[in-house]
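Notes to accompany the following structure.
The values are calculated or read from the model by the stated rules, or taken from the named source; none is laboratory data. Bear in mind the structure is a predicted one, so any value in this text is a computation, not a measurement. Here Cβ is always computed from backbone atoms with ideal geometry, including for glycine, and neighbour counts include all displayed protein chains. Ligands, DNA and RNA are excluded from the accessible area calculation, which covers all protein heavy atoms including side chains. Shrake-Rupley method; radii C 1.70, N 1.55, O 1.52, S 1.80 Å.
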Amino acid sequence: MGVLVHPDRQMHLAVRSAVADGRLRVVAEHRGGNPWLLARPGDHALTEVRTRHLDLVILSRLEGETATAVVLLAQGRRSLDELADLPSLLSGDAVIIAKDAQGAVRVEGPRAGGRRAAWVDVGSMVFASDDRTLLAAVFRSDAASDGGRGLAVIRAIPTGMWLHVIEGATPRLRAVITV
């Protein structure tokens, strides 16, 4: 797909440049007006679900009973930790991105296939994506894939884990716990 999760801050210079030259477009904003989710211009296969407590983006087109089940499940959830059973409703290649009312973010990559969601820490900002090549393209002067000489490192989110990002705290990988 090609989406970028942006922290609740002014748009990073590299991201602003990608929007200005048409490589990215703003899909959703934080409540304060800063961009939250950006995507490549031609990518539209995502489903947004907004509840009182959570904003969810599923990188997959949901229809019929699956869409209804996801909405019903999301309506009853108040925190990012309560989304562990969501992947069981989705196809194995779906990516889940969620944000709570306080701005904490959850990014969970696909359960199947070779594709992995990834993240990069650029300065004091953490960016996540379903596509590590998108991160490398946007932050090419700041990031290197799997290691670099003083550059930010693009890291994969392992299967069975999700990235938990809270502004001002070190990003953490957390295990998906299913009941």
Exercise for the section: Within segment 27-44, count every residue that is closer than 20 Å to Glu167 by Cα and buried (at least 16 other Cβ atoms within 10 Å of the Cβ). Expected result: 6
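Does at least one position in segment 30-40 carry a residue that is touching a Ser or Thr at 6+ places or on another chain (Cβ under 7 Å) and not β-branched (Val, Ile, Thr)?
No, the conditions are met nowhere in segment 30-40.
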Exercise for the section: Report, by residue number, each residue of segment 72-90 that is part of a helix (DSSP H, G or I) and either surrounded by 15 or more Cβ atoms within 10 Å (Cβ to Cβ) or in contact with an Asp or Glu (Cβ under 9 Å, 6 or more places away or on another chain) (or both). Expected result: Leu73, Ala74, Leu80, Glu82, Leu83, Leu86, Pro87, Leu89
Practice task
Please go through segment 45-61 and pick out each residue that is among the aliphatic types (A, V, I, L, M) and either surrounded by 20 or more Cβ atoms within 10 Å (Cβ to Cβ) or on the phi > 0 side of the Ramachandran plot (or both).
Solution key: Leu46, Leu54, Leu56, Val57, Ile58, Leu59
Practice task
Scan segment 113-130 residue by residue and report those that are touching an Asp or Glu at 6+ places or on another chain (Cβ under 6 Å), open to solvent by 10 Å² or more (accessible area, probe 1.4 Å) and assigned to a loop (DSSP other than H, G, I, E, B).
Solution key: Gly113
